[in-house]
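Trainee: Structure incoming, see below.
The values are calculated or read from the model by the stated rules, or taken from the named source; none is laboratory data. Here the structure is a predicted model, which means the values were calculated and not measured. Heads up, the Cβs are rebuilt from the backbone with ideal geometry, glycines too, and the neighbour counts pull from every protein chain shown.
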Amino acid sequence: MRVVLIGNILGGQGKSVIAHNFAALLNKKGFRTLMIDGDGLASLDCYIDDDNKSTIKDVIYEKKTIVETIQRGEYFDYVRGSSNCRVDGIDTAKVILLLQKQFETINLFYDYGVIDLPAGNLVKNRLFATVADELIIPVTNYLHESCIHDYIDEMLEMKQFNEKFAIRGILLNRIDERHNDVNLLYKRVYEKLNPDKINRIFSTTLRESYLMPYSIYEKKFICEYERYVGIRQDFENFVDEYLAG
Ligand SMILES: Nc1ncnc2c1ncn2[C@@H]1O[C@H](COP(=O)(O)OP(=O)(O)OP(=O)(O)O)[C@@H](O)[C@H]1O
Ligand SMILES: [Mg+2]
């Protein structure tokens, strides 16, 4: 299982919609995919019909195994998030070992694990880095580059617990060629964001779209829509670019 984190320490960058649509599209392409809500505020539980209320908190607090928390959904298998999963004050070393052991038990069941990370909670972001292969950082503009700069460094420190962990790339989200100078954005991101520490900036930029509000209403993901052809194509291009390596 390849574990991909979708994270940014800043809020509202599109982490949740990208993580869920990414997982749905990987699953549609035939990869066995597990979506984990590492945030608890993703509010995408409407995709699950199951009434299993177990969450990732039960795993972190050693109440359940990860297998017991997994639910089967139409678009992917899913582990619910918990809005009150506090991680400050926990025995970090113990939880890291526990998570690594639990993820080991599902390693062969899935091709991809996609984790939606919370904004503003570095401890949780770093915990999940200890079981992940890579991090993709959605960025909506270049105004907060110093925050992201620090976030990259702080996440990379977790290599001490998990050598393989890497920053896979920056994904420019909500960039509309009509309103933003995409080239300027690329230039700023390249100049400011430790290009030696991140593998790439995806050449696909996701446009202003209806990734969330409509899909949540209709319980569908972007890959299911016939009517958002251009927007869907953006997203498919990103996933293809990701899969091409
Ligand atoms: N490409 C896009 N086009 C239009 N709206 C978008 C796009 N990406 C995200 N949004 C919207 O922006 C809002 C924030 O997105 P989302 O909740 O995915 O961000 P987040 O980074 O997970 O936020 P949080 O930090 O609160 O968890 C949502 O209403 C979502 O629908
Ligand atoms: Mg979110």
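Trainee: Looking at segment 116-131 only, could you name the residues that are within 14 Å of ligand 2 (Cβ to nearest atom) and hydrophobic (A, V, I, L, M, F, W, C)?
Mentor: Going through segment 116-131, the residues within 14 Å of ligand 2 (Cβ to nearest atom) turn out to be 116-121, 124-125, 128.
Once the filter is applied, which keeps residues that are within 14 Å of ligand 2 (Cβ to nearest atom) and hydrophobic (A, V, I, L, M, F, W, C), segment 116-131 yields Leu117, Ala119, Phe128.
Trainee: What number goes with the only condition from (1) surrounded by fewer than 18 Cβ atoms within 10 Å (Cβ to Cβ); (2) within 18 Å of the chain's Cα centre (by Cα); (3) without any contact (Cβ under 8 Å) to a residue 60 or more places away in the chain that Leu122 does not pass?
Mentor: Status for Leu122: all satisfied but (3).
Trainee: Select from segment 75-93 the residues that are among the acidic types (Asp, Glu) and within 28 Å of Gly14 (Cα to Cα) and write down the one among them that is farthest from the chain's Cα centre (by Cα).
Mentor: Checking each candidate, the answer is Asp88.
Trainee: Now, a different point. For segment 61-71, indicate whether the set of residues that are of a type in the set (A, V, I, L, M) and within 16 Å of ligand 2 (Cβ to nearest atom) is non-empty.
Mentor: Checked against the condition, which is being of a type in the set (A, V, I, L, M) and within 16 Å of ligand 2 (Cβ to nearest atom), segment 61-71 yields no hits at all.
Trainee: Mind listing whichever residues of segment 11-33 are touching a Gly at 6+ places or on another chain (Cβ under 8 Å) and surrounded by fewer than 24 Cβ atoms within 10 Å (Cβ to Cβ)?
Mentor: The one that is touching a Gly at 6+ places or on another chain (Cβ under 8 Å) and surrounded by fewer than 24 Cβ atoms within 10 Å (Cβ to Cβ): Gly11.
Trainee: Only residues that are in a strand (DSSP E or B), more than 10 Å from Leu34 (Cβ to Cβ) and touching a strand residue (DSSP E or B) at 6+ places or on another chain (Cβ under 7 Å): list them for segment 72-85, please.
Mentor: Going through segment 72-85, the residues in a strand (DSSP E or B) turn out to be 72, 77-80.
Remaining after also requiring more than 10 Å from Leu34 (Cβ to Cβ): 72, 80.
Within segment 72-85, just Arg80 meets the criteria.
Trainee: Could I ask something else about it? Pull up segment 1-25, narrow it to residues that are touching a helix residue (DSSP H, G or I) at 6+ places or on another chain (Cβ under 8 Å) and within 21 Å of Glu104 (Cβ to Cβ), then point me to the one that is farthest from ligand 1 (Cβ to nearest atom).
Mentor: Selected residue: Met1.
Trainee: Something else now. Can you tell me which residue among Asp133, Asp88, Asp111, Asp116 is farther than 27 Å from Ile148 by Cβ and acidic (Asp, Glu)? Talk me through it step by step, then tell me what you get.
Mentor: Details: Asp133 fails: farther than 27 Å from Ile148 by Cβ; Asp88 fails: farther than 27 Å from Ile148 by Cβ; Asp116 fails: farther than 27 Å from Ile148 by Cβ.
So the residue among Asp133, Asp88, Asp111, Asp116 that is farther than 27 Å from Ile148 by Cβ and acidic (Asp, Glu) is Asp111.
Trainee: Return the residues of segment 212-230 that are surrounded by 15 or more Cβ atoms within 10 Å (Cβ to Cβ) and either at pLDDT 70 or above or touching a His at 6+ places or on another chain (Cβ under 9 Å) (or both); say none if nothing qualifies.
Mentor: Met212, Ser215, Lys220, Phe221, Ile222, Cys223, Glu224, Tyr225, Tyr228
Trainee: Residue check, Val114 against (1) within 16 Å of ligand 1 (Cβ to nearest atom); (2) in a helix (DSSP H, G or I); (3) hydrophobic (A, V, I, L, M, F, W, C), all met but one. Which one?
Mentor: Answer for Val114: the failing condition is (2).
Trainee: OK, next. Quick check on this structure: which one of Ile115, Ile96 is surrounded by 18 or more Cβ atoms within 10 Å (Cβ to Cβ), among the aliphatic types (A, V, I, L, M) and more than 14 Å from the chain's Cα centre (by Cα)? Before the answer, list the steps.
Mentor: Numbers: Ile115 fails: more than 14 Å from the chain's Cα centre (by Cα).
The match here is Ile96.
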